[in-house]
Amino acid sequence: TRGTVGGTGTLVGLTDSAPVLGTTYTYRVQVLNASGVAYSNLVTITVAVPVAPSGVAGSATSTGATTESLQVTWTDLNNESGYTIQWSTNGTTVSGTATVGANVTTYTRSAAKRIWWVRVRGTNALGNGPYSAWVQVPAAP
């Protein structure tokens, strides 16, 4: 249970400055005037880091005899402020990391021509979500 915020006029705001990660909160507005009391519909919010992105895929396009352009794509999340992309040569040990902003769903980098493994996670003001599973990207022909 949270406290009550009072005010008068046409607009009153509330900032819940102490939410607990993983907790669900329900809010409603009460209006009081000379005619009586009325309540708004309930609004439920879960305070959470982003889930793991889905639809993670990779492709490689040859750019030279020993180099390729490695592209990673994923499905956009609803509550992220950015993404972290990692790549690996074996699907276990991270070889590199990059970050992109909110609503970005593609990352491209130049790489040595070989099999790569990639994964992605979302981030927001509450922290980092879990990484997707590692996805294998075959070397460009």
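The values are calculated or read from the model by the stated rules, or taken from the named source; none is laboratory data. The structure displayed is predicted, hence computed values, not measured ones. Don't worry about glycine lacking a Cβ; one is built from the backbone with ideal geometry, like all the others, and counts go over all protein chains shown. Accessible surface areas use protein heavy atoms only, side chains included; no ligands, DNA or RNA. Shrake-Rupley method; radii C 1.70, N 1.55, O 1.52, S 1.80 Å.
The set of residues in the range 117-126 being open to solvent by 20 Å² or more (accessible area, probe 1.4 Å), in contact (Cβ under 8 Å) with a residue 40 or more places away in the chain and not in a loop (DSSP other than H, G, I, E, B) consists of 119, 121, 123, 124. Which residues, counting only those in the range 56-72, are among the aliphatic types (A, V, I, L, M), over 13 Å from residue 132 (Cα atoms) and either in a strand (DSSP E or B) or at pLDDT below 95 (or both)? Listed by number, the residues that qualify are 60, 70. Residue-level analysis places residue 44 outside the set of residues that are open to solvent by 70 Å² or more (accessible area, probe 1.4 Å), modelled with pLDDT of 95 or more and not acidic (Asp, Glu). Taking residue 75 as meeting all but one of (1) modelled with pLDDT of 95 or more; (2) open to solvent by less than 60 Å² (accessible area, probe 1.4 Å); (3) in a loop (DSSP other than H, G, I, E, B), write down the number of the exception. For residue 75, the exception is condition (2). Selection of the range 48-72 for residues being open to solvent by less than 60 Å² (accessible area, probe 1.4 Å) and more than 14 Å from the chain's Cα centre (by Cα) yields 57, 58, 59, 60, 62, 64, 67, 68, 69, 70, 72. Condition check for residue 84 on (1) open to solvent by 30 Å² or more (accessible area, probe 1.4 Å); (2) modelled with pLDDT of 95 or more: one failure, at (1).
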